[in-house]
Amino acid sequence: MMIQKIREAERDALYDEYTEQIGDMISGIIHRYEGAAATVALTNVEAILPRSEQIPGETHHVGERVRATVFEVRKSGSRVKVILSRTRPQLVQRLFEQEIPEIIDGVIEVRAMAREPGYRSKVAVSSSDARVDCVGACVGVRGNRIKNIVDELGGERIDIVRWDDNLEILIPNALQPAEVEQVILCKMLGRAIVLVREDQLSLAIGRRGQNVRLASKLSGWDIEIMTQDELAESIDRAVNGFSQLEGMSVDLAERLVEEGFLSYDDLSVIEPDALMAMGEMTEEEVDTIVSQAEDKAMEAEAAAQDARRKKREEDRIAAIEAEHLAADIAAGRIPTAPVAGTEAEADEAIAEAEAADETHDDDISKLVNEATADGATQEAKVDEGEPTS
């Protein structure tokens, strides 16, 4: 009984010790692996670094020292389980504090951070001293400071963004290196429409949307990248579509678009009180409009899903046909070059190839039929005047 109480007291002491360190960076030695999870030996306890909390693509070896943040601490019987993480933004924060003395001194402040571990992070910083360049200080002489952080994170790209309280300045900073022409803030939706030139569109969006996604997280606003022409088309489509709703006037449709409502999906989530004030409408009239918008948004989403499903099935069928065509060519059942000689000889060669392929026609038809049967859909038609969700 006495021994049990002693163990519980030791457990509680460890629990309190590491609970206070949640979010802090600590280092330990990898002791062993259990599956993909690493057991890390700390000063007085063994911690777990799960696969899900390891940076994608990184590998560590037994006996290697590793740095991570304390992510979670919980009691497990008479023991304490400490969970570590290398994927959380706090690790980048602690590395900045370690490598950049001006942060500890309070001259430079990390204002916001967005991270996709192993790939890219954006860190917004500001300086309380006009004489100190916050971005330059974080980069260091010849990039030595930021290089140390990048190396610790396995080559993860880090963008240092100059913070500004003005979103019309912060958002372009966050989207660099893309050049932004204009930022339109839609406060009712918490959305920023960012206009760029056509040649800057892909750069602003980034690979698989990564640049705009991280900029959105950093600024706290939903960012939509468009060209001037795309915005003009969206405005015309939205005004025409909204105007067709029962109880919606052209004037109100235009006012909604001015506030950034460009789709039925946007309109379906509008605050009823806001719409009542804008259109001087009753609660019943607002409910009618919102209900119609919800239905239209669902129709548009169903149409989009059907289009995506149809595209997947077309790709699937094409892949099946290509696979069988490649097999036939490899087996010599289909000639890979034009047949020389007379027209009659060419016809004869084609007939022979078709005859040799007859044994495979049933298999191809069966696979194609299965593919189309599994995902057969009808192409949805959306009126040209309606906005999409």
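No lab work stands behind these numbers, since they all come straight from the coordinates. Computed from a predicted model, the values in this text were never measured in an experiment. With ideal geometry, Cβ positions are generated from the backbone for all residues, glycine too; neighbour counts draw on all protein chains shown.
Each principal axis of the Cα cloud of region 73-187 was evaluated for its coordinate range; sorted largest first, these ranges are 59, 37, 26 Å. Kirkwood hydrodynamic radius computed over the chain comes to 27.0 Å, based on all pairs of distinct alpha carbons.
Identify the residues of region 126-154 with backbone N under 12 Å of a label point that sits 7 angstrom from the Cα of residue 98 along the Cα-to-Cβ direction, or state none. Within reach of a label on residue 98: 148-154.
In order along region 22-31, the phi-based Karplus estimate (6.51 cos²θ - 1.76 cosθ + 1.60, θ = phi - 60°) of 3J(HN,Hα) comes to 4, x, 8, 8, 10, 10, x, 9, 5, 8 Hz; Gly and Pro are listed as x. When the chain is modelled as a GNM with alpha-carbon springs shorter than 10 Å, which of 103, 158, 320 fluctuates the most? Sorting by GNM fluctuation, first place goes to 320. Determine, from the Cβ-Cβ distance of residue 24 and residue 305 and an R0 of 35 Å, the FRET efficiency 1/(1 + (r/R0)^6), rounded to the nearest 0.05. FRET efficiency, residue 24 to residue 305: 0.20.
For region 249-261, backbone phi angles converted through the Karplus equation (6.51, -1.76, 1.60; θ = phi - 60°) give residue-by-residue couplings of 8, 4, 4, 5, 4, 5, 5, 4, 5, 4, 7, x, 7 Hz, Gly and Pro being listed as x.
Relative to the current alpha-carbon distance between residue 34 and residue 236, full extension at 0.36 nm per residue lengthens the span by 66.8 nm.
Give me the percent of Cα-Cα pairs in region 2-86 that sit more than 19 Å apart, rounded to a whole number.
Across region 2-86, Cα pairs with separations above 19 Å total 36 percent.
When peptides 198-204, 173-179 are ranked by their average number of other Cβ atoms within 10 Å per residue, the highest-first order is 173-179, 198-204. Counting other Cβ atoms within 10 Å of each Cβ, which GluC sites (Glu not before Pro) in region 235-310 have at most 11 and sit in a DSSP loop? Answer in residue order: 246, 280. Taking springs between alpha-carbon atoms closer than 10 angstrom, which of 155, 63, 332 fluctuates most in the Gaussian network model of the chain? It is 332.
Please work out the FRET efficiency for the pair residue 74 and residue 210, using the Cβ-Cβ distance as r and a Förster radius of 35 Å; give the result to the nearest 0.05.
For R0 = 35 Å, the calculated efficiency reads 0.55.
For region 73-141, dividing the convex hull volume of the Cα atoms by the residue count gives 117 Å³ per residue. Amide H to amide H distances under 5 Å link residue 40 with 31, 47, 48, 49, where only residues 5 or more positions off or on other chains count and H is placed in the peptide plane. Here the sum of -39500 (n - 2.57) over DSSP H runs of 4 or more residues, divided by the residues of the chain, equals -15500 deg cm²/dmol at 222 nm, to the nearest 500.
Just to verify a number: FRET efficiency for residue 319 and residue 169, C-beta to C-beta distance, R0 = 56 Å, to 0.05? Efficiency, rounded to the nearest 0.05: 0.70. Magnitude of the charge dipole for the chain, about its Cα centre and with charges confined to Cβ atoms of Lys, Arg (+1) and Asp, Glu (-1), is about 3480 debye. Proximity of backbone amide H atoms, modeled 1.01 Å from N, is registered between residue 192 and 186, 222, 223, 224 at under 5 Å, excluding neighbours fewer than 5 places apart on the same chain.
In terms of distances greater than 31 angstrom between alpha carbons, the cross-link table entries 147/217; 122/187; 122/296 yield 122/296.
3J(HN,Hα) along region 98-103, derived from phi through the Karplus expression 6.51 cos²θ - 1.76 cosθ + 1.60 where θ = phi - 60°, amounts to 6, 8, 10, x, 4, 6 Hz, with x in place of Gly and Pro. Take the Cα of residue 202, step 7 Å toward its Cβ, do the same at residue 283, and the gap between the two points is 5.3 nm.
Based on the alpha-carbon gyration tensor of region 178-301, what equivalent-ellipsoid semi-axes (square roots of 5 times the eigenvalues) come out, in whole Å, largest first?
That gives 29, 14, 13 Å for the three semi-axes.
Cα centroid separation, region 255-302 to region 53-114: 44 Å. Here the label points at residue 109 and residue 13, each 7 Å from Cα along the C-beta direction, are separated by 3.9 nm in the simple model.
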